[in-house]
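Read the structure below first, then the notes.
Read-outs: derived from the displayed coordinates by stated rules, not from any lab. What you see is a predicted model, and the numbers here were worked out from it, not measured in a lab. Cβ placement follows ideal geometry from the backbone for every residue including glycine, while neighbour counts extend to all protein chains displayed.
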Amino acid sequence: MKILVTGGAGFIGSNFIRQVLALGKDYVIVNYDKLTYAGNLENLDDVAKNPAYSFAKGDICDAAAVESAMNGCEAVVHFAAESHVDRSIYEPAPVIETNVTGTFILLQVARKLNVRRFVHISTDEVYGDMDAGAFADENSPLQPSSPYSASKASSDLLVRSYVRTFGFPAVLTRASNNYGPYQFPEKFLPLMITNALDDKPLPIYGDGKQQRDWLHVEDHCRGIVAVLERGRIGEVYNIGGQDIVENLTMAKALLRVTGKPETLLSYVKDRPGHDRRYALKCDKIERELGWKPTISLEEGLRQTIDWYRSNTKWMARVRDGEYRSYYEKYYENRDSSLHAIAQTGPKPSL
Ligand SMILES: NC(=O)c1ccc[n+]([C@@H]2O[C@H](COP(=O)([O-])OP(=O)(O)OC[C@H]3O[C@@H](n4cnc5c(N)ncnc54)[C@H](O)[C@@H]3O)[C@@H](O)[C@H]2O)c1
């Protein structure tokens with residue numbers, strides 16, 4: 001089966017492609033990616049020469065380019081997104097454009113080409129803040145808090161509307177916080193790991209008591225394969241690690257494992273609109289598709305820290321260029337950046 005994977009040069013997409021090609025089934029992958037700051041073909045160096053893999057550079061908002069890449073594909077797995085909450089606060093326009101308009105264009109082209117299965121990759125952030133003790137199931141209301149999560153919720157709803165209105169063969173996943181190899185270091189866990197390894201301060205938002213459910217990216221990708229192969233059309237499947245940890249506890253654990261002192265913890269003003277807790281109920285995917293996470297948080301964290309330790313060249317190249325200036329502007333001067341933009345900053349220009 002020939003599959004168009006959008007956003008395959010990013011963190012989860014590249015792990016997914018590697019995993020699918022290693023299955024030894026008859027999958028042929030076309031990786032369609034715009035190569036934004038977050039897309040890195042180096043993530044796929046080891047499969048670049050595999051005859052079942054090819055790459056096409058392009059934007060999901062470009063309908064003609066999408067059509068030529070999707071032509072002949074039976075399935076689409078849609079990862080491509082502007083995926084960072086902080087960036088969505090700083091500059092929402094590209095987030096809305098890619099996540100909402102880009103998804104719309106993919107749906108239109110996939111309908112035109114009679115694609116047989118469309119897997120839309122979404123996130124637990126669409127459910128918004130969960131009260132202590134509460135867990136979101138697939139029917140919980142969508143209550144997104146950030147421009148990023150609102151754009152993901154919008155694209156979820158569009159996909160579902162295509163199922164209902166056009167009988168479009170889509171299935172959706174909503175996963176919790178992923179971690180593992182090849183994650184761009186602006187996200188919480190790789191930021192904490194790489195700063196700890198470099199003896200740099202670990203920025204902790206607010207009181208650090210925000211809770212996240214951690215899912216190893218390889219477990220997530222196994223879940224996506226199960227949904228691709230056997231998920232029921234029109235259904236949503238939550239995918240979570242079932243390991244809920246406070247950010248501060250996580251940062252302290254990383255310092256312990258890397259042998260660094262807690263004096264590296266640096267409390268910074270909280271992210272505007274920051275959700276306190278995400279928590280997923282995942283019995284549907286376990287019951288229907290037999291999926292469960294297999295990598296414990298302890299084992300996954302050790303493996304991930306080892307990966308960042310042994311891939312310093314990857315890290316150095318990723319840190320060059322656009323990421324460096326973004327990091328300096330918004331992470332090294334936190335108090336006067338995101339919050340100011342959200343509360344009193346200049347009026348946005350479109
Ligand atoms: N990272 C997580 O913890 C997590 C959790 C749940 C769901 N998700 C979802 O999974 C998907 C992948 O997340 P990720 O962490 O791998 O993101 P990422 O930022 O690492 O990768 C995104 C990829 O999409 C590409 N891209 C961006 N805009 C594009 C466009 N207009 N056209 C074509 N390609 C474009 C980028 O170049 C990059 O390769 C996203 O849809 C995200 O919302 C992520």
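Data table
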| read-out | value |
| --- | --- |
| Nitroxide proxy distance, nm - points 7 Å out along Cα→Cβ at A134 and N114 | 4.5 |
| Charge dipole (debye, nearest 20) of the chain; +1 at Cβ of Lys and Arg, -1 at Cβ of Asp and Glu | 420 |
| For the stretch 31-174, convex hull of alpha carbons as volume per residue, Å³ | 127 |
| Debye intensity ratio I(q)/I(0), log10, the stretch 102-149, q values 0.28 Å⁻¹ (C-alpha model) | -1.02 |
| Entries of K49/K152; K49/K292; K57/K187; K34/K284; K152/K252; K2/K34 with Cα pairs more than 22 Å apart | K49/K152; K49/K292; K57/K187; K34/K284; K152/K252 |
| Spin-label pair S54/K200, simplified geometry with 7 Å Cα→Cβ offset, distance in nm | 3.9 |
| Local electrostatic count at Q19 - Lys and Arg +1, Asp and Glu -1, tallied over other residues with Cβ under 14 Å | -1 |
| Convex hull projection area averaged over all views, the chain, Cα basis, nm² | 16.7 |
| Sorted largest first, extent of the stretch 126-165 alpha carbons per principal axis (Å) | 36, 22, 8 |
| Inter-centroid distance (Cα atoms) of the stretch 10-42 relative to the stretch 237-276, Å | 28 |
| Calculated [θ] (222 nm, deg cm²/dmol) that DSSP helices of n ≥ 4 give over the chain, each run adding -39,500 (n - 2.57) | -12000 deg cm²/dmol |
| Crossing angle, helix 147-166 versus the chain [Cα axis fit, 0-90 degrees, rounded to tens] | 20 |
